[in-house]
Amino acid sequence: LYDGDCPLCEREVDMLRRRSDERGGTIDFVDIASKTYSPAENKDIDFETAMTKIHGILPNGSVVTDIEAFKKAYEAVGLGWVYAFTQVPPLRVVAEVLYNIWARNRLRVTGRSDLDTILSEKKVCGTKRT
C-alpha cells in the first residue's frame, strides 16, 4: 500500500514498479489515495491507518509494516541487499526509529496538509475510507 499523493512515495514506487514489471509483476501496488481504494480488499486497513505508516500485504496474506514492509518490497524486486543491514539488531532499531520519525513528519516535509485536514477533506468530498 502506498500514498499516491506523496511525491517522494510516488517516486520510490515508480522505481519499484519498473523493477517489479521487469520480473513479471512481483508486487501489486495499491494507492490508498485513490477514490477506488477499498480497505475490504486490503486486509481492512483503512485510509487513516495506512497514512500513519507503510503497510505491505504479503502473498500469504500477512501484513508487514515499517522497515519490514520496505525490506520485503526491495527483496521482491531483487534489491534485498539495500535493507540487509536491518538483520543486525542494533541497526534495525536505528532504522525503525528513523523511519518512524519520517512517517510522523512526511506530510509536512513534502508540503502537504496534516492528516486531520486530509481526513476532513476526504470526508467533505464523500470519499473518506473507513
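The values are calculated or read from the model by the stated rules, or taken from the named source; none is laboratory data. Keep in mind the model is a prediction, meaning the values are calculated, not measured. FYI the Cβ positions are ideal-geometry reconstructions off the backbone, even for glycines, and counts take in every protein chain you see. What goes into the accessible areas is simple: the full protein's heavy atoms, side chains included, and nothing from ligands, DNA or RNA. Shrake-Rupley method; radii C 1.70, N 1.55, O 1.52, S 1.80 Å.
Some values worked out for this structure:
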item: Given (1) within 22 Å of Thr36 (Cα to Cα); (2) open to solvent by 40 Å² or more (accessible area, probe 1.4 Å); (3) of a type outside the set (Gly, Ala, Ser), index of the condition Leu115 fails; result: (2)
item: Close pairs (7 angstrom Cβ cut-off, 6 or more residues apart or separate chains): within 17 Å of Val13 (Cβ to Cβ) in segment 66-91, among the hydroxyl-bearing types (Ser, Thr, Tyr) and open to solvent by 40 Å² or more (accessible area, probe 1.4 Å) anywhere; result: Ala76/Thr26; Val77/Thr26
item: Members of segment 38-49 found to be in contact (Cβ under 8 Å) with a residue 12 or more places away in the chain and within 22 Å of Glu12 (Cβ to Cβ), listed by number; result: Asn42, Lys43, Ile45, Phe47, Glu48
item: Candidates Tyr74, Tyr2, filtered to the one that is of a type in the set (Ser, Thr, Tyr) and over 12 Å from the mean Cα position of the chain (by Cα); result: Tyr74
item: Looking only at segment 1-37, and only at residues there that are of a type outside the set (A, V, I, L, M, F, W, C) and touching a residue at least 60 places away in the same chain (Cβ under 8 Å), the one that is least open to solvent (accessible area, probe 1.4 Å); result: Tyr37
item: Residue in segment 89-105 that is aromatic (Phe, Trp, Tyr), exposed (fewer than 15 other Cβ atoms within 10 Å of the Cβ) and closer than 23 Å to Ser34 by Cβ present; result: yes
item: Test result for Lys53, of a type in the set (D, E, K, R) and touching a Ser or Thr at 6+ places or on another chain (Cβ under 8 Å); result: yes
